[in-house]
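Inspection log for the structure reproduced underneath, given as structure tokens.
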Amino acid sequence: MTITRFAPSPTGILHIGNIRTALFNYLLARRDNGTFILRLDDTDQTRSKQEFVDAIFYDLEWLGLQWDRVERQSERLDRYHEKANELIGNGDFYECFESPDELDLKRKFQLKRGKPPVYDRESLNLSEEQKQTKRQRITGYWRFKLAQREVSWKDGIQGMVSINTANVSDPVLIRGDGLFLYTFASVVDDLDFGITHVVRGDDHLTNTATQIEILASLGSKPPVFYHHSLLVGKKGEPLAKRLGDLSIRDLREKGIEPAAILSQLAYLGSSIPVNLKLDLDEILATFSLDSFSGNPTKFDEQQLVGLTSDYCRSVDYKEIESKVLERGIPKADGEQFWNAVKGNIKSIGEITEWWEIINQKIQPQISSEDREYVEAAMAILPDLPFNQDTWKNWTEKLKLTSGRRGAKLFLPLRKAITGRDAGPDMQSVMALLKVSPKAKI
Ligand code: GLU
């Protein structure tokens with residue numbers, strides 16, 4: 001059985017890069033009728049906030065990425081203690097006492113001598129007596145003793161990966177204040193929850209080597225790893241600084257639809273082209289983690305705008321009816337109105353502007369050379385209510401009386417009635433008008 005997890009820290013709100021990871025884990029689990037766990041990496045209680053937990057739930061639900069259960073690391077501290085004791089028993093965990101300043105000095109010294117800044121294990125060699133003396137002055141923290149060997153695994157996206165842990169500092173897994181760090185807590189969780197596949201960003205590759213060693217010390221085998229590349233901007237620049245404005249909350253506020261985000265993220269960086277998929281079931285039918293390359297993935301926000309307008313054009317009215325009605329469109333007009341405007345909007349929110357046009361809350365646009373023509377046209381426009389034939393009958397008459405044709409016949413009327421020079425088909429606009437344009441001219 002496939003069991004995956006998405007493991008955000010509730011220290012901020014989710015951005016597009018996080019959702020890419022969440023979606024991959026979600027799809028992998030759903031494809032195999034497996035379990036998708038939402039794990040909150042909240043051991044750092046000063047930085048973790050309930051408002052961020054709530055925002056994570058809200059964003060995932062909005063996207064339809066429903067999890068099967070939630071696990072919180074802050075509720076599992078006893079378990080981490082148990083497992084830490086196991087590592088101490090195995091001789092793979094050791095207490096350290098160097099202060100950040102001392103470590104910094106060591107690093108500078110190593111770099112000066114052209115050596116990699118890897119922790120020199122000074123504390124590992126302390127006698128029990130020396131440790132006792134240090135403990136009176138400072139609380140120790142705990143490092144994992146890496147085996148300093150080549151750790152290799154076959155990554156589902158990166159292919160064969162090899163990292164020599166001799167080039168990595170022994171990681172601190174428990175801080176002096178007793179805080180369990182992610183690297184360790186995550187290993188214990190993955191073991192206890194029977195995680196079969198870990199999908200995450202390739203910024204975790206070095207962690208993976210460390211985690212494979214911790215797993216080995218605890219007598220366990222690693223799960224299958226998939227390290228996807230990180231999203232970069234159009235010119236290949238890191239997105240990290242911009243991720244603030246690429247939060248799911250901001251995208252939602254800009255009118256981007258969940259289907260657009262999911263369709264883009266499920267295929268961007270893979271060999272399958274990005275096209276709108278209306279829902280997660282449609283994505284599941286073609287999604288494959290094997291189709292992703294390990295190269296950095298270029299992200300373009302404009303693509304989300306295009307996919308959102310594709311969504312408006314393609315979605316079944318029943319699916320978005322509530323969003324139409326919540327914008328004040330009466331139920332009786334909803335479907336006809338939506339069908340008239342859906343091809344001319346970039347987001348659902350834009351329908352309100354069109355509803356204002358239907359109610360003639362606009363400024364007509366009439367050029368001086370068209371004024372006479374428009375006024376004559378309004379004089380022969382029948383009274384409300386209009387229907388699907390109103391536009392055709394009216395403009396056929398005008399063609400004869402004015403001698404105008406094509407754009408010269410139609411465009412001044414469109415501009416006078418809608419205040420714009422482009423938009424939905426005028427036959428539908430006329431049929432929907434609630435207020436006669438005569439009142440405005
Ligand atoms: N909380 C970690 C992160 O957000 C989770 C990484 C992992 O999936 O193991 O980077």
message = I want to check the label-to-label distance for E282 and R135. Put each point 7 Å from Cα in the C-beta direction and report it in nm to one decimal.
response = 6.3
query = What is the distance, in nm, between label points placed 7 Å from the Cα along the Cα-to-Cβ direction at S162 and at T206?
reply = 2.0
inquiry  = Can you give me the long-range amide H partners of H15? Hydrogens built in the peptide plane at 1.01 Å from N, cutoff under 5 Å, separation of 5 or more residues or another chain.
reply    = I248
Relative contact order of the stretch 75-188, pairs being alpha-carbon contacts under 8 Å that are 6 or more residues apart, as % = 27
key: Relative packing of peptides 18-29, 33-44 - highest average C-beta neighbours within 10 Å first   = 18-29, 33-44
remark   = Count of lysine pairs, the stretch 25-137, Cα-Cα under 23 Å, sep. 8 or more residues or interchain, comes to 4
Relative contact order (percent, whole number), the chain, Cα cutoff 8 Å, 6+ residue spacing = 13
task = Quote the accessible area belonging to I157 in square angstrom, nearest 10, computed with a 1.4 Å probe and with ligands, DNA and RNA left uncounted.
result = 20
ask   = So, by mean Cβ neighbours within 10 angstrom, what's the order for 257-263, 394-400 with the highest one leading?
value = 257-263, 394-400
inquiry  = I need the shape label for the stretch 177-246. Rule: rounded when a/c is under 1.5, else prolate if a/b > b/c, else oblate, with a, b, c from the alpha carbon gyration tensor.
reply    = prolate
message = Tell me the mean residue ellipticity at 222 nm calculated for the chain from its helices only (DSSP H runs of n ≥ 4, each -39500 (n - 2.57), averaged over every residue, nearest 500).
response = -14000 deg cm²/dmol
request  = Take the Cα atoms of the stretch 145-200, build their convex hull, and give its volume per residue in Å³.
outcome  = 105
task = Give the shape of the stretch 77-214 as rounded, prolate or oblate, defined through the alpha-carbon gyration tensor: a ≥ b ≥ c are the square roots of its eigenvalues, a/c under 1.5 means rounded, and otherwise the shape is prolate if a/b is larger than b/c and oblate if not.
result = oblate
request  = Return a single number: how many Lys pairs in the stretch 172-302, at a sequence separation of 8 or more or on separate chains, have alpha-carbon atoms below 21 angstrom apart.
outcome  = 8
query = ³J(HN,Hα) across the stretch 275-292 via Karplus (A = 6.51, B = -1.76, C = 1.60, θ = phi - 60°), whole Hz, x for Gly/Pro?
reply = 9, 5, 10, 6, 8, 5, 5, 5, 5, 4, 5, 10, 5, 8, 5, 5, 7, 8
inquiry  = Can you tell me which lysines have their Cα less than 24 Å from the Cα of K415? Leave out same-chain residues fewer than eight positions away.
reply    = K342, K346, K361, K392, K397, K399, K434, K438, K440
Efficiency of FRET from Cβ geometry, D425 and E372, R₀ 30 Å, rounded to 0.05 = 0.70
key: Carbon and sulfur %, accessible surface of the stretch 323-441 computed with the full protein complex present, 1.4 Å   = 48
query = For the stretch 24-111, what is the accessible area per residue in Å², given a 1.4 Å probe and the full set of protein chains?
reply = 51
message = Could you tell me the relative contact order of the stretch 186-243? Use alpha-carbon pairs under 8 Å, at least six residues apart, and round to a whole percent.
response = 39
key: DSSP-defined antiparallel bridges as percent of all bridges, the chain, nearest 5   = 50
key: Full-extension gain in nm, E150 to E301, via 0.36 nm per residue minus C-alpha separation   = 50.4 nm
key: Distance-filtered residues of the stretch 402-441 - backbone nitrogen under 19 Å, label point 7 angstrom along Y317 Cα→Cβ   = 424-434
remark   = Regression test value, accessible area per residue of the stretch 300-441, probe 1.4 Å, units Å², expected 52
request  = Would you mind checking which residues have amide H under 5 Å from L40's amide H? H placed 1.01 Å from N; only 5 or more apart, or other chain.
outcome  = E71, R72, Q73
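The values are calculated or read from the model by the stated rules, or taken from the named source; none is laboratory data. These numbers were taken from a predicted model, which means no experiment stands behind them. Don't worry about glycine lacking a Cβ; one is built from the backbone with ideal geometry, like all the others, and counts go over all protein chains shown. These accessible areas exclude ligands, DNA and RNA; they are computed on the full protein's heavy atoms, side chains included. Shrake-Rupley method; radii C 1.70, N 1.55, O 1.52, S 1.80 Å.
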